[in-house]
1. Checking Thr50 against (1) closer than 24 Å to Met155 by Cα; (2) in a loop (DSSP other than H, G, I, E, B); (3) out of contact with any helix residue (DSSP H, G or I) (no Cβ under 7 Å at 6 or more places or on another chain): exactly one of these is not met. Which one?
2. Which members of region 54-73 meet the condition of being open to solvent by 20 Å² or more (accessible area, probe 1.4 Å) and among the β-branched types (Val, Ile, Thr)?
3. Evaluate region 130-141: report whether one residue or more is touching a helix residue (DSSP H, G or I) at 6+ places or on another chain (Cβ under 8 Å) and on the phi < 0 side of the Ramachandran plot.
4. Specify the residue that is most open to solvent (accessible area, probe 1.4 Å); the eligible residues are those in region 86-123 that are without any contact (Cβ under 8 Å) to a residue 12 or more places away in the chain and part of a helix (DSSP H, G or I).
5. Kindly establish whether Met151 is out of contact with any His (no Cβ under 9 Å at 6 or more places or on another chain) and touching a residue at least 60 places away in the same chain (Cβ under 8 Å).
6. Can you pull out the strands (runs of 3 or more DSSP E) entirely within region 142-241 that have at least 1 residues that are surrounded by fewer than 23 Cβ atoms within 10 Å (Cβ to Cβ)?
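The values are calculated or read from the model by the stated rules, or taken from the named source; none is laboratory data. Note that the coordinates shown come from a computational prediction; the quantities given were computed from them, not determined experimentally. All Cβ positions, even for glycine, are placed from backbone atoms using ideal geometry, and neighbour counts span all protein chains on display. For accessibility, only protein heavy atoms count, side chains too; no ligands or nucleic acids. Shrake-Rupley method; radii C 1.70, N 1.55, O 1.52, S 1.80 Å.
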Amino acid sequence: MAKKITDKVTWDGKVDWELQTFHGQELSTHRGSSYNAYLVRDKKNVLIDTVWQPYDKEFVTRLKEEIDLNDIDYIVSNHAETDHSGALPELMREIPDTPIYCTEKGAKHWKGHFHEDWNFVTVKTGDTLEIGDDNQLIFIEAPMLHWPDSMFTYMTGESILFSNDAFGQHYATESLYNDKAAEEEIYEEAIKYYANILTPFSALVTNKIKEVLSLELPLNMIATSHGIIWRDNPAQIIEKY
């Protein structure tokens, strides 16, 4: 079921209560996880990320209840791993010509994953996409956070950073937001997530945070791809990183 985040953004992801391990046996996920996808509605409608492949048909069916798929103008895919992009083949069967915004390496990874030559539009840090009078999307490459193709997407107007794997946690909850869930559980999972996924790239994390902060963009929310959305003092997780 879609959940309203702002007047123009809804959460359309999947909460996975049964997930026990991730990335092999090394990373336990005893609190489950979520695969967060977001639908932005403005003069142009944009889908940001999808869900893991086992839930692709469920995702597309629910998305159809939310919007006529032909009304989706653009897809933004921040990262090629199939826990984020796994529903793309099912979706693209319905709307095969819809532009997919991603990094250059992202396009190569998708072609390798799915052997499809979809309508990829490759972007670099600072590239923008106009979606309404008060809103545009700004793309920020984030290589090795935690794959070479990764990027962030920032939505002006709403001041939301769609951060993909950065700042996330494997944590299943219906609460959706950090101020509606148990803080000690969120941070326990956030620390474990960082240790298992991002520790090898800590220097890159620090440099990327400095780069993002240098843009001096207002921040109302950090909308991750796993776990809760940071809306109560969202900068707290940046400071922890």
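1. Only one criterion in (1) closer than 24 Å to Met155 by Cα; (2) in a loop (DSSP other than H, G, I, E, B); (3) out of contact with any helix residue (DSSP H, G or I) (no Cβ under 7 Å at 6 or more places or on another chain) is unmet by Thr50, namely (3).
2. Across region 54-73, the qualifying residue is only Thr61.
3. yes
4. Lys111
5. no
6. 151-155, 221-224
Yes/no matrix, rows are residues, columns are (1) at pLDDT below 95; (2) in contact with a Pro (Cβ under 7 Å, 6 or more places away or on another chain); (3) open to solvent by 10 Å² or more (accessible area, probe 1.4 Å):
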residue: Gly13; (1), (2), (3): no, no, no
residue: Trp17; (1), (2), (3): yes, no, yes
residue: Phe22; (1), (2), (3): yes, no, yes
residue: Ser28; (1), (2), (3): yes, no, yes
residue: Arg31; (1), (2), (3): yes, no, yes
residue: Val40; (1), (2), (3): no, no, no
residue: Lys43; (1), (2), (3): no, no, yes
residue: Val46; (1), (2), (3): no, no, no
residue: Trp52; (1), (2), (3): yes, no, yes
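The rows are residues; the columns are (1) at pLDDT 95 or above; (2) farther than 21 Å from Leu39 by Cβ.
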position	(1), (2)
Asp149	no, yes
Tyr154	yes, no
Asp179	yes, yes
Ile191	no, yes
Asn207	no, yes
Glu216	no, yes
Arg231	yes, no
Ile237	no, yes
Tyr241	no, yes
